[in-house]
Amino acid sequence: MAKLNSSESKILDEIAKWKASNPSFLNKSTDFVAKPISWLTEKLTPEDVKGSVGGVTEKIVETLQDMSKWSVNPQDILNATKEFEINAATITDLRKASIHDLDHVSESQIESNTRMATASGVGTGLASLAGPIVGWAALLADLPALFTFSTRTIYQVALCYGYDPNSPELSPQEKAFEMEYMMRIFKVATSSDKVQKQKALGELKDFEAGRYSNHFDEILGDFTKKQISKNATSYISRMIIKEIVERTITRKAVGLVPGLGAVFSGGFNYVYIKDVGNAAFMLYRERFLLDKKGRKKTIKIEID
């Protein structure tokens with residue numbers, strides 16, 4: 001437990017303002033434009049394409065449940081921190097570093113992912129020029145990559161601030177918490193309006209509060225039992241992923257409108273990853289500082 005200095009307190013104020021702000025222009029504008037487009041695509045999209053949406057959603061869930069496919073190496077993050085004169089032997093050691101230095105590392109990881117996602121989106125947009133059927137197929141093919149870039153970004157940001165969701169030092173319950181925490185950040189990042197964002201932030205706050213209660217194992221016990229399979233990292237809530245996929249498909253379909261194509265698709269991916277990265281950036285910084293400051297453990301008292 002340590003007292004925060006003035007610059008760290010200002011960061012918490014900055015995060016509070018971000019929490020109270022509206023979602024990004026991309027989320028709001030594509031949500032507005034996507035409403036009539038969702039009706040149009042429902043009428044014009046071939047049945048075989050519609051049927052493939054469910055399959056893509058399942059593919060995304062399966063992909064995200066296997067962290068080995070995220071191509072994230074904690075050692076790469078530790079190597080990156082050395083450029084900012086941070087000498088940490090483990091990811092957990094990063095919690096002792098200056099948040100200002102960690103911010104630089106985190107921002108560089110976000111920027112790298114946005115560049116890769118943009119290239120992927122441009123390819124999808126170019127495919128739309130071949131017609132709606134090819135365009136839809138390309139859009140659906142791009143979604144797993146977009147989601148992998150998104151979760152990869154959140155994971156890398158988590159590592160930057162000393163949190164490793166896949167650390168062998170964590171118990172199954174703790175891993176379950178970390179994975180679910182990441183997906184709830186994803187949900188905050190893709191909110192289309194202020195009400196939706198506040199609801200997602202409230203869910204995240206309540207979920208996080210459970211981590212610091214004396215009922216932590218009880219809260220995550222049933223969830224962990226249901227989610228663990230042959231892959232020890234299969235903790236992700238399918239409901240949250242499916243909700244985010246449905247939101248994203250509708251908005252990304254705007255790129256199939258004639259005249260938008262590659263420009264919109266590339267731009268969409270760029271801003272989408274920026275939004276996801278910024279949400280992770282803000283929320284992990286807050287968690288880092290609140291953990292540094294020290295949290296009071298809540299105790300549930302039952303009265304007969």
Item to check | Residue selected from the range 159-177 under the condition of a type in the set (Ser, Thr, Tyr) and over 17 Å from Ile99 (Cβ atoms), by the criterion surrounded by the most Cβ atoms within 10 Å (Cβ to Cβ) | outcome: Ser167
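This table checks each residue for (1) among the basic types (Lys, Arg); (2) farther than 23 Å from Ile60 by Cα; (3) at pLDDT 85 or above.
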position: Ser191; (1), (2), (3): no, no, yes
position: Tyr212; (1), (2), (3): no, yes, no
position: Leu220; (1), (2), (3): no, yes, no
position: Ala232; (1), (2), (3): no, no, no
position: Ile241; (1), (2), (3): no, no, no
Item to check | Tally of residues being at positive phi and either modelled with pLDDT of 80 or more or touching a helix residue (DSSP H, G or I) at 6+ places or on another chain (Cβ under 6 Å) (or both) across the range 118-177 | outcome: 1
Checklist outcome for this item: Exactly one of Arg285, Arg251 is more than 18 Å from Pro23 (Cα to Cα) and modelled with pLDDT of 55 or more, and that one is Arg285
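Residue by residue, here is whether (1) crowded, with 16+ Cβ neighbours inside 10 Å; (2) at pLDDT below 75; (3) assigned to a helix (DSSP H, G or I); (4) in contact with a strand residue (DSSP E or B) (Cβ under 9 Å, 6 or more places away or on another chain) holds:
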{"residue": "Asp48", "(1), (2), (3), (4)": "no, yes, yes, no"}
{"residue": "Gly55", "(1), (2), (3), (4)": "no, yes, yes, no"}
{"residue": "Ser68", "(1), (2), (3), (4)": "no, yes, yes, no"}
{"residue": "Val72", "(1), (2), (3), (4)": "yes, no, no, no"}
{"residue": "Gln75", "(1), (2), (3), (4)": "no, no, yes, no"}
{"residue": "Glu85", "(1), (2), (3), (4)": "no, no, no, no"}
{"residue": "Thr90", "(1), (2), (3), (4)": "no, no, no, no"}
{"residue": "Leu94", "(1), (2), (3), (4)": "yes, no, yes, no"}
{"residue": "Ser106", "(1), (2), (3), (4)": "yes, no, yes, no"}
Next on the checklist: Which residue is nearest to Phe186 (Cα to Cα), if the candidates are limited to the range 271-298 and must be among the hydroxyl-bearing types (Ser, Thr, Tyr) and crowded, with 19+ Cβ neighbours inside 10 Å?
Outcome noted: Tyr272
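The values are calculated or read from the model by the stated rules, or taken from the named source; none is laboratory data. In this text the structure is predicted, and so the values were computed from the model without any measurement. Using ideal geometry, Cβ is built from the backbone for each residue, glycine included, and neighbour counts are taken over all protein chains shown.
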